[in-house]
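Read the structure below first, then the notes.
Nothing in this text is a laboratory measurement; each read-out follows from the coordinates by a stated rule. Predicted model, so just to flag it, every value in this text is computed and none were measured. All Cβ positions, even for glycine, are placed from backbone atoms using ideal geometry, and neighbour counts span all protein chains on display.
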């Protein structure tokens, strides 16, 4: 079945540091890949997505590239801000699973001023 | 467009009771999915409804059930509550139609259920 593996957390960075959060996946066929963010006390917000190999999703300075050869979708940001402190989830969905999203365990990011 | 709304936002129940949670999708979205989020198990898929039919189901006991109405609003019900049902229950909607490349799911703020 489908699965998503995220790097272990939590991650603590200083403001303006470079961020990488690793995500790898196992899926049949060609899944769509997503990064969602969850701020304290809130639901999930879509951060970015990619629907085919070599696509790059980007939003709010965050980027992730769909790498089929390494089955990865790592999240990066060049300069984090305190307001980026949140929990980040990598997820995938595949056509055969209709709308079902399979999530990684999530990683908590804390950014210090 | 208004986002996904969920009611109530918070609930406290006792073991053995039942609970009904409600979700109103984004206007025009016909697919509604439900997820349970707990610290231990993370985000787990409960079920998905599309045009009033359950189209997909996760690995949860029969105490968890749902339905969808003709206006695409959805409810989920949990009967005979257990302590382990304490969680954040998230609803998501999309314009997903069967067999089409995955459409984005948009999440509501969730209902936080505490079972005592």
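Would you kindly identify the strands (runs of 3 or more DSSP E) lying entirely within segment B:26-116 that contain at least 1 residues that are facing another protein chain (nearest Cβ under 8 Å) and on the phi > 0 side of the Ramachandran plot? Explain how you work it out, then say what you get.
Working: elements: B:31-38, B:42-50, B:53-57, B:64-68, B:74-78, B:87-94, B:111-115.
Those strands (runs of 3 or more DSSP E) span B:42-50.
Confirm whether residue B:52 is more than 10 Å from the chain's Cα centre (by Cα) and without any contact (Cβ under 8 Å) to a residue 24 or more places away in the chain.
Values: more than 10 Å from the chain's Cα centre (by Cα): yes; without any contact (Cβ under 8 Å) to a residue 24 or more places away in the chain: yes.
Judged against the criteria, residue B:52 is a match.
Working only within segment A:74-113, note down all residues that are in a loop (DSSP other than H, G, I, E, B) and more than 14 Å from chain B (Cβ to nearest Cβ).
Narrowing segment A:74-113 to residues in a loop (DSSP other than H, G, I, E, B): A:74, A:78-81, A:85, A:94, A:98-101, A:104-106, A:113.
Within segment A:74-113, A:74, A:78, A:79, A:80, A:81, A:85, A:113 meet the criteria.
Mind listing whichever residues of segment A:47-72 are within 14 Å of chain B (Cβ to nearest Cβ) and in a loop (DSSP other than H, G, I, E, B)? Break it down stepwise before answering.
Start the filter on segment A:47-72 by keeping residues that are within 14 Å of chain B (Cβ to nearest Cβ), which leaves A:47-53, A:55, A:57, A:59, A:66.
Selection gives A:51, A:52, A:53, A:55, A:66.
For segment A:19-46, which residues satisfy the criterion of being part of a strand (DSSP E or B) and within 11 Å of chain B (Cβ to nearest Cβ)? Step through it out loud before you land on a result.
The first filter runs over segment A:19-46 and keeps only residues part of a strand (DSSP E or B), leaving A:19-21, A:23-26, A:32-38, A:44-46.
Correct list: A:32, A:33, A:34, A:36, A:37, A:38, A:44, A:45, A:46.
Within segment B:8-25, count every residue that is surrounded by 13 or more Cβ atoms within 10 Å (Cβ to Cβ) and within 12 Å of chain A (Cβ to nearest Cβ).
Looking only at that region, the number is 2.
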